[in-house]
Amino acid sequence: MPQSASLHTSFDIAVSVGLCYNSGYLRGVSFGTMFDWSSLNKEQREAVQTTEGAVLVLAGAGTGKTKVLTSRIAYIVSEGLCQLNEILAVTFTNKAAREMKERALALLSQSGELHSVGGNSLWIGTFHSLALHMIRPFHELFHRSSNFTIVDADDQLRLLKKVMAESGITDKRYTPKQMAYYINRWKDQCRGADEALKMAQRFSVESIAASLYLPYQNMLRSLDAIDFGDILKISVDIFKSNNDILDRFQAKFKYIMVDEYQDTNAAQYIWLKLLSLKHGNLCCVGDDDQSIYSWRGADVGNILKFDKDFRNPTIIRLGQNYRSTKNIIKAASALISNNSMRMKKEFWTEADTGLPVIIKALPDPISEARFIAGLIENKSRNHIALSDMAILVRGAFQTRVFEERFLSAGIPYTVVGGFKFYERKEVKDAVAYLRLTTNPDDGIAFERIVNLPKRGVGATSLNKFYGIAREQSISLRKAARQFAESSNANIAAKLSDFFRQLDVWRDAANVLSPSELMQKILDECGYIEMLKAEKTVENGARLENLDELVTALREFESVNEFLDYVSLVLDNASATTRDSVTISTIHAAKGLEYHTVFIPGFEENILPHQKSIAEKGEIGVEEERRLCYVAITRAKREVYITLCQRRSMYGAYNPTYTVPSRFLKNLPKGCIKLL
């Protein structure tokens, strides 16, 4: 079969089978008769009924954007403007896609005509799931079989490690994670290997990544695979190079809707724009004030320039909040109005005034945790469920003092968006080093860190150590030491150095405090240097967690006392309960809501975070202010903002006086109360 015929057949299969098993058509049912218009306010009704052309719905926190999107789908279909499978609705998470699909179908079922269509007729999903369905039938165009594989993040790193080795690049200086970071960013920007090479600064880590981009893509091709970042880039490339394919998808989707538009990156923006060119019916719902993901490629500029990107767009502002009290809304509105990079909008509520936003300064983080824990206990006694209260932190390192206080007070808690403090990998690695200073023959701790940082001790070497240990009935550490002393293998010298370090640290444990010992080990073992070598957001948080671990150790007289405590913490934390307080980063809390929200660490260098200010200047400050806005607007009834007068930061031995967050000045006096 000629390629063109094959591709046309593939397209027909894609649009009629891929996601759309039934092409049933809802006609003759008036939306007005099937839907209770009283549940929508004036602006929401306008957003639902404005179906033609480019539409931007600026939906502030708690203003009912999901209701608008689902009602809009039901309205368009039941008014006979298109078939159900001619609507493309895009979200960022599978959970959001499921919710939108269920709510839209529930509205359509009120017509009594839903039996003629199936739920699978809806093209609702994430950017990547929808784009994947679009490109799979055209696998020949990017040289893959119809059953090509999508590699996950772990497989990507494994492949990049192999590509680096084949290119003669040692992973002692450069890491696969560094390479993956740059390659993924280029794909998010729809940039190919040639463009990456031109862009990359010479003799930089970026230039190394650019040189590996093409060999990595060739390896993926040889394995009949693509990675996550390829999906949208390939989709865009196909659309730009094959007008017939793009024309058919443009004709297919008469209405396109996208949720959380402020979080789109360059590839997602281009993909949406290409698909919407024919009919021009693109409805984007989002809130520039909640754009907080620039670190993963989101570009707030996409929503800010909407009126310039699309001809004669309709901009509808949803300003009525249905979640929070007047005081909470006034505080959040006044705060965010200080940002210059935003679209002006009114934010209001008909709810009662409610309690003022409480601001409390405390001596130190332990006092801060004690104060918040006390409030939680009181509110729990007054019949506010623990699950309706949340502590929202800027940095994951902040959770440690709250976890320890809750454990001692018997308050159940759940950490959202990450592991509990003492379960985090970097913390467990550091604790393993400490364990070896008190028990040299701790085999579990030894195996965990003998190759962290890398000392050339792989699975083969460990098997040799285990063999010697079993044969001579000695510990794993002694077996490894014996191997190092009697072998000429390459790893023997590194192992010998490691054992000498262990001896030094064991001697130091007799004269140094636990926190001083921990800091010495981290400085000398190379672990911190290893994390700093990979300049990623995740490693920045890991370094903060290690600093917090050093701070935590100051509360203990001996290493053994601390190790016993950690064992008990992990044992107690293993018990789970349904009703528990949420501890979450602000980033992970977006889209959630609680009766009461606590925002600790309202200090310069935490909120706003010093790294954002240092790297991005005023742009970083504005994103930090948006983070603060998101945190405040998670609350329905009560907000407590706390700050410490002294805090140990970045592993400093002595606490230093802090500076209150500049954002405190943005909160109007009429809706706050100082305790």
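The values are calculated or read from the model by the stated rules, or taken from the named source; none is laboratory data. Quantities reported herein were computed from a predicted structural model and do not represent experimental measurements. Using ideal geometry, Cβ is built from the backbone for each residue, glycine included, and neighbour counts are taken over all protein chains shown. Calculation scope for accessible area: heavy atoms of the full protein, side chains included, ligands and nucleic acids excluded. Shrake-Rupley method; radii C 1.70, N 1.55, O 1.52, S 1.80 Å.
Non-local amide H neighbours of residue 672 (under 5 Å, H modeled in plane, Pro and chain starts lacking H): which ones?
357
Let a ≥ b ≥ c be the square roots of the eigenvalues of the Cα gyration tensor of the chain; is it rounded (a/c under 1.5), or, if not, prolate (a/b larger than b/c) or oblate?
oblate
Please get the size of the charge dipole for the stretch 274-396, origin at its Cα centre, with Cβ charges of +1 on Lys and Arg and -1 on Asp and Glu, quoted in debye to the nearest 20.
Dipole of the stretch 274-396, to the nearest 20 debye: 220 debye.
Under the rule of at least 5 residues apart or a separate chain, name every residue whose amide H is placed under 5 Å from the amide H of residue 123.
87, 89
Work from the charge dipole of the chain (Cβ charges, +1 for Lys and Arg, -1 for Asp and Glu, about the Cα centre) and give the residue of 512, 451, 382 farthest towards its positive end.
Positive-end residue among those listed: 382.
With every protein chain left in place and a probe of 1.4 Å, what is the accessible surface of residue 230, to the nearest 10 Å²?
In the full protein context, residue 230 sits at about 10 Å².
With every protein chain left in place, what is the accessible area of residue 51 in Å² (1.4 Å probe, nearest 10)?
It works out to around 10 Å².
Which residues make up the longest stretch of the chain that has no chymotrypsin sites (Phe, Trp or Tyr not before Pro) in a DSSP loop with at most 12 other Cβ atoms within 10 Å?
Result, exposed sites excluded: 204-652.
Go through 253, 473, 211 and say which Cα lies farthest out towards the positive end of the charge dipole of the chain; charges sit on Cβ, +1 for Lys and Arg, -1 for Asp and Glu.
Farthest towards the positive pole: 253.
Expressed as a rounded percentage, what relative contact order does the chain have, with Cα pairs under 8 Å and six or more residues apart?
Value for the chain: 16 percent.
Based on the alpha-carbon gyration tensor of the stretch 608-653 and its eigenvalue square roots a ≥ b ≥ c, which shape applies: rounded if a/c is under 1.5, prolate if not and a/b is larger than b/c, or oblate?
Oblate shape, in that a/c is at least 1.5 and b/c is the bigger or equal ratio.
Express in Å², to the nearest 10, the accessible area of residue 170 obtained by rolling a 1.4 Å probe over the protein heavy atoms while all chains stay in place.
The value for residue 170 is about 70 Å².
Size of the dipole of the stretch 599-648 about the Cα centre, Lys and Arg at +1 and Asp and Glu at -1 on the beta carbon, nothing else charged, in debye to 20?
280 debye
About the Cα centre of the stretch 209-257, how large is the charge dipole given +1 on each Lys and Arg Cβ and -1 on each Asp and Glu Cβ? Please answer in debye to the nearest 20.
200 debye
Per residue of the stretch 515-532, in order, report the coupling 6.51 cos²θ - 1.76 cosθ + 1.60 (Karplus, θ = phi - 60°) as ³J(HN,Hα) in whole Hz, putting x for Gly and Pro.
Karplus-based 3J(HN,Hα) across the stretch 515-532 equals 5, 5, 5, 4, 5, 4, 4, 4, 5, 9, 7, x, 5, 5, 4, 4, 5, 5 Hz.
Can you pull out the GluC sites (Glu not before Pro) in the stretch 293-398 whose DSSP state is coil and whose Cβ has at most 16 other Cβ atoms within 10 Å?
Hits after loop and neighbour filter: 346, 350.
In deg cm²/dmol and to the nearest 500, what is the mean residue ellipticity at 222 nm of the chain if only DSSP H runs of at least 4 residues count, each as -39500 (n - 2.57), divided by the residue total?
Helices in the chain give a 222 nm mean residue ellipticity of -15000 deg cm²/dmol.
From the backbone phi of the stretch 313-322, what are the Karplus-calculated ³J(HN,Hα) couplings (6.51 cos²θ - 1.76 cosθ + 1.60, θ = phi - 60°) in whole Hz, Gly and Pro given as x?
Listing the rounded values in order: x, 9, 10, 10, 9, 8, x, 7, 8, 10 Hz.
For the chain, what does the accessible surface come to per residue with a 1.4 Å probe? Please give it in Å².
Per-residue value: 43 Å².
Once phi is turned into ³J(HN,Hα) by the Karplus curve 6.51 cos²θ - 1.76 cosθ + 1.60 with θ = phi - 60°, what whole-Hz value does each residue of the stretch 233-249 show in order, with x for glycine and proline?
Working through the residues one at a time gives 4, 4, 4, 5, 4, 5, 4, 6, 9, 9, 4, 5, 5, 4, 4, 5, 5 Hz.
Could you work out the longest stretch of the chain that avoids the trypsin sites (Lys or Arg not before Pro) located in DSSP loops with at most 16 other Cβ atoms within 10 Å?
Result for the longest clean stretch: 28-171.
What are the residues whose amide H is under 5 Å from the amide H of residue 636, where those residues sit 5 or more places off or on another chain and H is modelled from the backbone?
The answer is 594, 595, 596.
If I fit a long axis through the Cα atoms of helix 94-109 and take the longest principal axis of the Cα atoms of the chain, what angle between them do I get, 0 to 90°, rounded to 10?
Its long axis makes an angle of about 30 degrees.
To the nearest Å, what is the center-to-center distance of the stretch 305-323 and the stretch 76-93, using C-alpha atoms only?
So the two Cα centres are separated by 20 Å.
As I understand it, the dipole of the stretch 115-255 uses +1 on the Cβ of Lys and Arg and -1 on the Cβ of Asp and Glu, about the Cα centre. Which of 231, 200, 220 lies farthest toward its positive end?
After comparing all options, I get 200.
Can you give the local net charge around residue 96? Use residues other than it whose beta-carbon is closer than 9 angstrom to its beta-carbon, Lys and Arg +1, Asp and Glu -1.
My count for the surroundings of residue 96 gives -1.
For the chain, which whole percent of the accessible surface, found with a 1.4 angstrom probe, sits on carbon and sulfur atoms?
50 percent
Before anything else, pin down the relative contact order of the stretch 398-471: Cα pairs under 8 Å, at least 6 apart, normalised by residue count, whole percent.
17 percent
Between the helical axis of 266-275 and the dominant principal axis of the chain, each derived from Cα atoms, what acute angle in degrees is found, rounded to the nearest 10?
20 degrees
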